[in-house]
Structures are given as structure tokens and as C-alpha cells.
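Below is one structure, written out as C-alpha cells; the observations come after it.
The values are calculated or read from the model by the stated rules, or taken from the named source; none is laboratory data. Here the structure is a predicted model, which is why all the values come from computation and not from measurement. Areas reflect the complete protein model, heavy atoms only, side chains present, ligands, DNA and RNA absent. Shrake-Rupley method; radii C 1.70, N 1.55, O 1.52, S 1.80 Å.
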Amino acid sequence: MSRKLFVGGLPHGVSDESFHAHFAQFGLIVDSVIMVDRATGRPKGFGFVTFADDDAVQRALEGGTSQTMEGKDISIKPADGLGGKSVRVPPPSQVVIRQPTQIMPQLALMPPRAEMPPPMHPPPVISGL
């Protein structure tokens, strides 16, 4: 399991200190960050917490994926590294390997490299190397 948690729905006025303090109750924190908008410097409403061990992650998730911080409900889930995008990996039985000519039929029309005519002009010569 990932030791990093995604925390969404943060209160607008949350500080780095209060964010860190809220999660320190579950165990030793290696890193915590509140994401901010580069243009305005204001918090984006989500952040990440990385714990030193898996037990701390389990304790943080024991109460479910919803907690209250400074009077606002926040959501917590393991950070998957996908940036919120889900990736579906098909089972091996559904994987189809295609030949390049099935993907791009025009490749089948190209002559093999040995049959291609020589270039019309010689390549440029770079001196001084």
C-alpha cells in the first residue's frame, strides 16, 4: 500500500501547520503539502500526506475516507500516482497484438528499404568535427 494519501476538500483557510497537525495524530509524517495555484498563491483545496509507515496510513483510513477538518468534511484516499485519472488494464486474455500493417495499412504499400531510390541530393557536410 502507498504511504501517501490524497486529501481533498480542504478548508480554504487551512495552513500547512494545521494540515500537518491534523494528520500527525495518526503517525509520523515524512512529508505534507497543500497544493497552491501558481498564479494566485491560493490553496487549490487538496493536498498530500506521506507517512513513515503503513500502520499510520491504516490508522488514518480506519474511520473511512471522510473526516472533518476545521468544520469541513474532507476526503482521504491512497494516492495512486495517476493524478485522478483511472487507467484500465485489460486482462491478458483480452490483449490483442497487432502487426504494424494492421495499425497503419499504408506501411504495407511502402517498398522495402533496399528498393527505395537514393536521395536526390547528397547529405550536408559538417566540417570542423
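Tabulated values for the structure
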| quantity | calculated |
| --- | --- |
| Shape of the stretch 12-86, Cα gyration tensor, a/c cut at 1.5 | prolate |
| Extended-chain gain in nm, criterion 0.36 nm per residue less alpha-carbon gap, Arg42 and Asp54 | 1.2 nm |
| Portion, in percent, of the accessible area of the stretch 1-80 that falls on carbon or sulfur, probe 1.4 Å | 50 |
